[in-house]
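Notes follow once the structure below has been shown.
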Amino acid sequence: MNIKCAIMQPHFFPWAGYFNLISKVDKFVFLDDVQYSKNSWHNRNYIIVDREKFLINIPVVKSSLDTKIKDKVIDKQNNSKNRISKIIFQSYSKHKYYEDLSELMNYFLSLESKYLSDCNINIIKFVSSKLKIQTQFLCSSDLSLTETRTYKLIKILEKLNAKEYISPIGAKGYLTEDHFETLTDIKLHFHEFSGTNYSQMNQNAFIKNLSILDVVANLGWKNTEIYIKSSS
């Protein structure tokens, strides 16, 4: 069997391209046992507030620089989840598919995860199920590997008997530097998502690369599925 695999760190309410990548593979691995990065997509993303691009983020507890993503704890003081949800609900309350967005946000509010990665992974799995994506999900932390960088990716792929690796285009630099294609027979492909502009309520100019939240609010689950799966 020609197994296609992708490996990504778990992001907070990822953009549409993240789900497009998931839809293109048989197995998707959450790279959760690498170092947490401050000011990254791990705990934040963009939506539209008052017609402008707006950054939402879920606060995390301060920890040592070498803390792994899977060990990063959500700071639950000041009802951060309720604050984020209030901003989202207010910003998209008049959108056509507000009810679909509400379903996603109510799921988010129901999560009792202590750790950021658990929260992110649950959200990603929930959205994927709503988009009828059948990909199998795994976590790299369950594979007990000690390698780093490209060598870690290759070990993951070998454990999963993958024949093809679809990598985000952003990783091309270090994969090339580490000579991925000379270290393994696994075929390497780079993923570039170029989704078409969709109708954003009350926007004169399209704002791209927003969280999946914006897509669902403007398109609803059914059309979001079509948008995600039909885009290159």
Contact order relative to length of the chain, as percent, for alpha carbon pairs under 8 angstrom and 6 or more apart:
30
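Express in % the proportion of alpha carbon pairs of the chain at distances exceeding 20 Å. Don't skip to the end; give the middle numbers.
Values: 16335 of 26796 pairs.
Value for the chain (Cα pairs over 20 Å): 61 percent.
As a quick test, which of the pairs Lys53/Lys125; Lys4/Lys76; Lys155/Lys222; Lys132/Lys187; Lys72/Lys94 have an alpha carbon distance above 32 angstrom in this structure? Mind dumping the intermediate values first?
Numbers: Lys53/Lys125 25 Å; Lys4/Lys76 37 Å; Lys155/Lys222 36 Å; Lys132/Lys187 27 Å; Lys72/Lys94 35 Å.
Those over the limit are Lys4/Lys76; Lys155/Lys222; Lys72/Lys94.
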Quick one: which residues, 5 or more positions from Asn43 or on another chain, have an amide H under 5 Å from its amide H? H modelled 1.01 Å from N in the peptide plane, none for Pro or chain starts.
Phe12
Pick out which of Thr184, Thr67, Thr176 has the largest mean-square fluctuation in a Gaussian network model of the chain, springs linking Cα atoms closer than 10 Å.
Thr176
On the full set of protein chains, 1.4 Å probe, figure out the accessible area of Glu164 and give it in Å² to the nearest 10.
30
Phi angles of the range 198-206, converted by Karplus (6.51 cos²θ - 1.76 cosθ + 1.60, θ = phi - 60°) into ³J(HN,Hα) in whole Hz with x for Gly and Pro, give 10, 6, 9, 4, 6, 9, 6, 10, 5
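Heavy atoms only, probe 1.4 angstrom, no DNA, RNA or ligands counted: give me Ser140, Ser64, Ser230 ranked by accessible area, highest first. Mind dumping the intermediate values first?
Values: Ser140 0, Ser64 70, Ser230 90 Å².
In descending accessible area the options line up as Ser230, Ser64, Ser140.
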For the range 140-212, take every pair of Cα atoms, bin their distances at 10 Å starting from 0, and report each bin as a whole percent.
16, 38, 21, 16, 9, 0
Using only Cα atoms, tell me the angle between helix 98-110 and the longest principal axis of the chain; keep it within 0 to 90° and round to the nearest 10.
60
Cα long-axis angle, helix 116-130 against the chain (0 to 90 degrees, to the nearest 10)
80
Tell me, what HN-Hα J-couplings in whole Hz come from the Karplus equation 6.51 cos²θ - 1.76 cosθ + 1.60 at θ = phi - 60° for each residue of the range 157-162, using x for Gly and Pro?
4, 5, 5, 9, 6, 6
Charges only on Cβ, +1 for Lys and Arg, -1 for Asp and Glu: so what's the dipole of the range 1-129 about the Cα centre, in debye to the nearest 20?
220
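Determine, from the Cβ-Cβ distance of Asn197 and Lys38 and an R0 of 35 Å, the FRET efficiency 1/(1 + (r/R0)^6), rounded to the nearest 0.05. Spell out each step's value before the answer.
Details: r = 32 Å, r/R0 = 0.90.
Efficiency computed from Cβ-Cβ geometry: 0.65.
Report the FRET efficiency, 1/(1 + (r/R0)^6), for Lys163 and Asp142, where r is their Cβ-Cβ distance and R0 is 30 Å, rounded to 0.05. The partial results should precede the final answer.
Details: r = 21 Å, r/R0 = 0.71.
Computed FRET efficiency for Lys163 and Asp142: 0.90.
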Amide H within-cut-off set for Asp33, under 5 Å, with H built and near neighbours excluded
Ser140, Ser141
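Dividing the alpha-carbon radius of gyration of the range 32-165 by 2.2 N^0.38 Å (N being the number of residues), what value is obtained? Intermediate values should be presented prior to the final figure.
On the way: Rg = 17.1 Å, N = 134, 2.2 N^0.38 = 14.1 Å.
Scaled against compact globular proteins, the figure is 1.21.
Show that you can apply the helix-only estimate: for the chain, add -39,500 (n - 2.57) for every DSSP H stretch of four or more residues, divide by all residues, and state [θ] at 222 nm to the nearest 500.
Details: 8 runs with 88 residues, N = 232.
The helix contribution divided over the chain gives -11500 deg cm²/dmol.
Got a number for carbon plus sulfur as a percent of the chain's accessible area, 1.4 Å probe? Before the final figure, lay out each step's value.
On the way: 5570 of 12020 Å².
Exposed carbon and sulfur together represent 46 percent of the surface.
Where only protein heavy atoms count, and the probe is 1.4 Å, what is the accessible area per residue for the chain in Å²? Walk me through the numbers on the way to the answer.
Details: 12020 Å² over 232 residues.
About 52 Å² of surface per residue is accessible.
For Glu52 and Gln77 in one chain, what is 0.36 nm times their gap in residues minus the Cα-Cα distance, to one decimal in nm?
Working: separation 25, 0.36 × 25 = 9.00 nm, distance 2.74 nm.
My answer for the length gained is 6.3 nm.
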Degrees between helix 80-91 axis and first principal axis of the chain (Cα, 0 to 90, nearest 10):
60
With the Cα gyration tensor of the range 98-200 in hand, give its eigenvalues times 5 under a square root as the equivalent ellipsoid semi-axes, listed largest first in whole angstrom.
31, 19, 12
Could you go through the range 172-178 in sequence order and give the Karplus-derived ³J(HN,Hα) for each residue, using 6.51 cos²θ - 1.76 cosθ + 1.60 with θ = phi - 60°, rounded to whole Hz, and x for Gly and Pro?
4, x, 6, 5, 5, 4, 8
Whole percent per 5 Å bin, from 0 to the bin with the longest distance: what is P(r) over all C-alpha pairs of the range 5-105?
2, 11, 18, 20, 19, 16, 10, 3, 0
Can you list residues from other chains, or at least 5 along the same chain, whose modelled amide H is less than 5 Å from the amide H of His191?
Ser167, Ile169
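The values are calculated or read from the model by the stated rules, or taken from the named source; none is laboratory data. Since the model is a prediction, treat every value here as computed from it, not as a measurement. All Cβ positions, even for glycine, are placed from backbone atoms using ideal geometry, and neighbour counts span all protein chains on display. Quick note on the areas: whole protein, heavy atoms, side chains included, nothing else; ligands and nucleic acids left out. Shrake-Rupley method; radii C 1.70, N 1.55, O 1.52, S 1.80 Å.
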